[in-house]
Amino acid sequence: MRTILQVLQSPLMLTGCRNVSWTFLSLTYRRVCTRRSLISQTSLCSYTSTQPSPTNSHNFFPLHPPVHLSPTRCLSHSALRPSLMELKEVLQVLEQLAPLSLAESWDNVGLLVEPSKSRPIKTILLTNDLTDAVMEEAENMSCNLIISYHPPLFRPVKRLVQKDWKQRLAIRAVEAGMAVFSPHTSWDSVKGGVNDWLVGGLGSGQVSVLNQTLGGASHSHKLEFTVRSAEELNDVMEELKACDSRTTLQHSVSRPDSSGIHVSLTCSDSALTPSVQTLLRHSASSQSFSVLKLEKPPLPGHGQGRLSVLDQPVTVATAIQKMKSHLGLSHLRLALGVGHTQESSVCTVAVCAGSGASVLNGVRADLYITGEMSHHEVLDAVAKGTSVLLSDHSNSERGFLAVFRERLAVRLPDSVTVVVSKADRDPLEVV
């Protein structure tokens, strides 16, 4: 690989990147990459570290495989970024880390508050919940972007008034020119996200996803039909294209036989009805056609909840101590499964950050770990011989903010400061 000096002395052609001045390149020469970084496919230098992260070894670029280069022989990612970043550029980085398409359909994720005036992003505050205390903290540090794991605006808003505390926070953000972004279940689902971090508290194991995320296929139905001639096929295809002008029709044709030419075509939900109506207008195709529903393909490693078969089984008592340390808590709540004690062995553990009963229900494991479950949900699990460990809702999520801060900071220029909130905390405490 050429040295950095050789790179600076040679002409550069960058496709899809900003024009880089010689002054900027001279500065970047002095900034050699010395820390682990996974760089997006649009960056000048992409690599992955040969050393695993001390907090999480998962690849956090789920949909873009990285190029493997030596981390000690290339420019740092932040050095290759412009010295100032606009909001839209930070949002692109956040999308690369955890695509919003991975979020649950019911969730309200993404950019929730956008300032009217564009300004460089200099300070980003990470918080699990946006509260009055956190907003005051953000105002005091002249924050430009708040990344709140839980969306402060969730249900539709018909008015913005001071009497509602969430609406009041949104007003303060607008008045201060602060953007507010929420990733929520996209962080839960993504490989290497909140749930992988949570299950890692008990050590290594064979980890699988409980509720697999499915890919967003553009075509959801397959139509199979027969036409009598190539001329009729051309006529039918022209009419079908008009039914689904937003996407490219995908079709295949088999060799003609005595019954005609057999055609297989995929189309979207919106194009299904007009496509069927088109086929019914043609005598040959109307006599022999079928409609098949296509299933969306799973995205391996992404989804809600995790099940780990531990490489080294632990006792319930040891699991408690490990999770206290991992979550930074002095107390947890425990419900022992029927016939179990704190010396019982834990070989399999199922986790779901936050309120995990709907994801964990029916999963066979020695131990459930989540933030909260209702009284009757705990009783159901215990009756089936599964012990339950509860931390309170946000305590099962908050520790991931420090992990994410590191992953985000290495992808931003040094002019951007990423801070984890000190005012953010779970509303419940043991007294």
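The values are calculated or read from the model by the stated rules, or taken from the named source; none is laboratory data. Quantities reported herein were computed from a predicted structural model and do not represent experimental measurements. Cβ: placed from backbone, ideal geometry, glycine included. Neighbour counts: every protein chain shown. Ligands, DNA and RNA are excluded from the accessible area calculation, which covers all protein heavy atoms including side chains. Shrake-Rupley method; radii C 1.70, N 1.55, O 1.52, S 1.80 Å.
Below 19 Å, Cα to Cα, which lysines can Lys88 reach? Residues fewer than 8 away in the same chain don't count.
Lys117, Lys122
Want the number for Glu114 to Glu429: 0.36 nm per residue separation, take away the alpha-carbon distance, what's left?
Numbers: separation 315, 0.36 × 315 = 113.40 nm, distance 3.36 nm.
Roughly 110.0 nm would be gained on extension.
Percent of Cα-Cα pairs more than 14 Å apart in region 387-431, please.
Values: 597 of 990 pairs.
Tail of the P(r) past 14 Å holds 60 percent of the pairs.
Can you pull the percent of region 290-354's accessible area that's carbon plus sulfur, 1.4 Å probe, other chains left in place?
Values: 1870 of 3310 Å².
On region 290-354, the fraction of accessible area on carbon and sulfur atoms equals 56 percent.
How much accessible area per residue does region 262-404 have, in Å², with a 1.4 Å probe?
Working: 6540 Å² over 143 residues.
Accessible area per residue, region 262-404: 46 Å².
Taking every pair of alpha-carbon atoms in region 347-431, give the share separated by more than 21 Å as a whole percent. Before the final figure, lay out each step's value.
Details: 1584 of 3570 pairs.
Value for region 347-431: 44 percent of Cα pairs lie more than 21 Å apart.
How large is ³J(HN,Hα) for each residue in region 174-185, as worked out from phi by the Karplus curve 6.51 cos²θ - 1.76 cosθ + 1.60 (θ = phi - 60°), to whole Hz, x for Gly and Pro?
Per-residue couplings from phi come out as 4, 4, 8, x, 9, 8, 10, 10, 10, x, 5, 6 Hz.
For region 112-129, in order, what is each residue's ³J(HN,Hα) by Karplus, 6.51 cos²θ - 1.76 cosθ + 1.60 with θ = phi - 60°, in whole Hz (x at glycine and Pro)?
Couplings: 9, 10, 10, x, 6, 9, 6, 8, x, 8, 10, 9, 10, 10, 9, 8, 7, 9 Hz.
Taking H as built 1.01 Å from N, whose amide H comes closer than 5 Å to the amide H of Gly205, not counting residues under 5 places away?
Asp311
Using a Förster radius of 56 Å, what is the FRET efficiency between Glu295 and Glu136 based on their Cβ-Cβ separation? Nearest 0.05, please. Please list the in-between numbers first.
On the way: r = 48 Å, r/R0 = 0.87.
Efficiency computed from Cβ-Cβ geometry: 0.70.
With a sphere of radius 14 Å drawn around the Cβ of Gln167, what net charge do the other residues whose Cβ falls strictly inside it have (Lys, Arg +1; Asp, Glu -1)? Working shown, then result.
Working: positive: Arg155, Lys158, Arg159, Lys163, Lys166, Arg168, Arg172; negative: Asp132, Asp164, Glu175.
Once all neighbours under 14 Å are counted, the net charge is +4.
Convex hull over the alpha-carbon atoms of region 233-346: what's its volume per residue in Å³? Mind dumping the intermediate values first?
Details: hull volume 28.5 nm³, N = 114.
About 250 Å³ per residue, rounded to a whole number.
Considering amide H positions built from the backbone, and no H for Pro or chain starts, which residues 5 or more places from Ala353, or on another chain, come under 5 Å of its amide H?
Result for Ala353 returns Gly305.
What are the ³J(HN,Hα) values, in whole Hz, obtained from phi via the Karplus relation 6.51 cos²θ - 1.76 cosθ + 1.60 with θ = phi - 60°, for each residue of region 135-144 in sequence order, with x given for Gly and Pro?
Result, rounded to whole Hz: 4, 4, 4, 5, 5, 5, 9, 6, 5, 9.
Rounded, prolate or oblate for region 107-150? Axes are the square roots of the Cα gyration tensor eigenvalues, ordered a ≥ b ≥ c, and the cut-off for rounded is a/c under 1.5.
Working: a/c = 1.95, a/b = 1.09, b/c = 1.79.
Oblate.
With a/c under 1.5 counting as rounded, go ahead and sort region 171-228 into rounded, prolate or oblate using the C-alpha gyration tensor (a ≥ b ≥ c being the square roots of the eigenvalues; past the cut-off, prolate if a/b is larger than b/c, else oblate).
Numbers: a/c = 6.30, a/b = 1.35, b/c = 4.66.
Oblate.
Using a ≥ b ≥ c from the Cα gyration tensor of region 298-379 (square roots of the eigenvalues), is it rounded, prolate or oblate, where a/c under 1.5 gives rounded and otherwise the larger of a/b and b/c decides, a/b for prolate?
Values: a/c = 1.39, a/b = 1.25, b/c = 1.11.
Rounded shape, in that the Cα axes give a/c under 1.5.
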